[in-house]
Amino acid sequence: MKILKPSVELLPSYAQALRQGWTGDQGTADRSVKELEVIALFPEALVASKDDPLALGGDVILDDGTEVPRLPGYYRWMWDGEVVGSINFRWVYGTTDLPDHCLGHIGYSVAPWQQKKGYATSALRQILPYAWELDMPFVELTTNIENLASQKVIKNNGGVRVGEFVSLPAHGERPSYLWRIFRP
């Protein structure tokens, strides 16, 4: 499995995964439907929006309708002959701090029918060099307390739990853990 920059050539596989019910980083079925609409109308624009290290893509609208400034970021598809998931890395230049609405530097999602194959562990290992290239001393990730699979992915990549918190209403107000993976 490798992580690939989104491309128009891989877009049909990504769209197929969305049609099969994977919500990816969209979070909800509604947002996946909207993503499929954008794919149909503006495929090149969608692909371009997924890779934005200068945060030029305009504001982002959260699930609760709040509009927030876009963070610089990279988005990659997990590829194993088809799109099996996604991983993204976002940051604020010059600091490891993130805005309150952002749950960590790295987020990932594997299609339900592709889980338990090591894809998330491999994708996280592959995206960490992006952070180290920015001279970040660590990255932060979050998990819901009950998400043991994601906790295992983070631990398998050297992650250490450093805190506990309740996520914001826009993220479900769930008891959550804060993790860090330190630069080697």
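When you check Tyr108 against the structure, is it of a type outside the set (S, T, N, Q) and either more than 12 Å from the chain's Cα centre (by Cα) or surrounded by fewer than 20 Cβ atoms within 10 Å (Cβ to Cβ) (or both), yes or no? So Tyr108 does not fit the description; no.
The lone criterion from (1) in a loop (DSSP other than H, G, I, E, B); (2) under 20 Å from Trp91 (Cα atoms); (3) hydrophobic (A, V, I, L, M, F, W, C) left unmet by Ala48 is number (1). Within region 163-170, one or more residues are out of contact with any Lys or Arg (no Cβ under 6 Å at 6 or more places or on another chain) and surrounded by 15 or more Cβ atoms within 10 Å (Cβ to Cβ).
Going through (1) within 21 Å of Thr23 (Cα to Cα); (2) of a type in the set (S, T, N, Q); (3) touching a Leu at 6+ places or on another chain (Cβ under 7 Å) one by one, Asn157 falls short only on (1). Does Asp97 satisfy being free of Cβ contacts under 8 Å to residues at least 24 places away in the same chain, under 14 Å from the mean Cα position of the chain (by Cα) and closer than 27 Å to Gly159 by Cβ? It is false that Asp97 is free of Cβ contacts under 8 Å to residues at least 24 places away in the same chain, under 14 Å from the mean Cα position of the chain (by Cα) and closer than 27 Å to Gly159 by Cβ. Per this entry, Leu103 is not counted among residues that are modelled with pLDDT of 95 or more, under 19 Å from Pro53 (Cα atoms) and not β-branched (Val, Ile, Thr). Within region 23-57, if we keep just the residues that are touching a helix residue (DSSP H, G or I) at 6+ places or on another chain (Cβ under 7 Å) and in contact (Cβ under 8 Å) with a residue 60 or more places away in the chain, the residue that is surrounded by the fewest Cβ atoms within 10 Å (Cβ to Cβ) turns out to be Thr23. Could you check region 66-100 and list, in sequence order, the residues that are at pLDDT below 95, over 20 Å from Val38 (Cα atoms) and in contact with a helix residue (DSSP H, G or I) (Cβ under 7 Å, 6 or more places away or on another chain)? If the condition is that a residue be at pLDDT below 95, over 20 Å from Val38 (Cα atoms) and in contact with a helix residue (DSSP H, G or I) (Cβ under 7 Å, 6 or more places away or on another chain), then Thr66 is the only one that fits.
Taking the criterion of being closer than 21 Å to Leu4 by Cα and surrounded by fewer than 18 Cβ atoms within 10 Å (Cβ to Cβ), the residues of region 122-162 that qualify are Arg125, Gln126, Pro129, Trp132, Glu133, Leu134.
When Tyr14, Tyr74 are checked against the criterion of being part of a helix (DSSP H, G or I) and closer than 26 Å to Glu133 by Cβ, Tyr14 stands alone in meeting it.
Rundown of residues vs (1) at pLDDT below 95; (2) charged (D, E, K, R); (3) out of contact with any strand residue (DSSP E or B) (no Cβ under 7 Å at 6 or more places or on another chain); (4) not in a helix (DSSP H, G or I), yes/no style:
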| site | (1), (2), (3), (4) |
| --- | --- |
| Gly58 | yes, no, yes, yes |
| Asp64 | yes, yes, yes, yes |
| Pro129 | no, no, yes, no |
| Asp135 | no, yes, yes, yes |
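A count restricted to region 81-99 and to residues that are surrounded by fewer than 21 Cβ atoms within 10 Å (Cβ to Cβ) and more than 16 Å from Leu141 (Cβ to Cβ) stands at 5.
The values are calculated or read from the model by the stated rules, or taken from the named source; none is laboratory data. As the structure is a prediction and not an experimental result, all values here were calculated from the model. We place every Cβ from the backbone using ideal geometry, glycine too, and count neighbours over all the protein chains shown.
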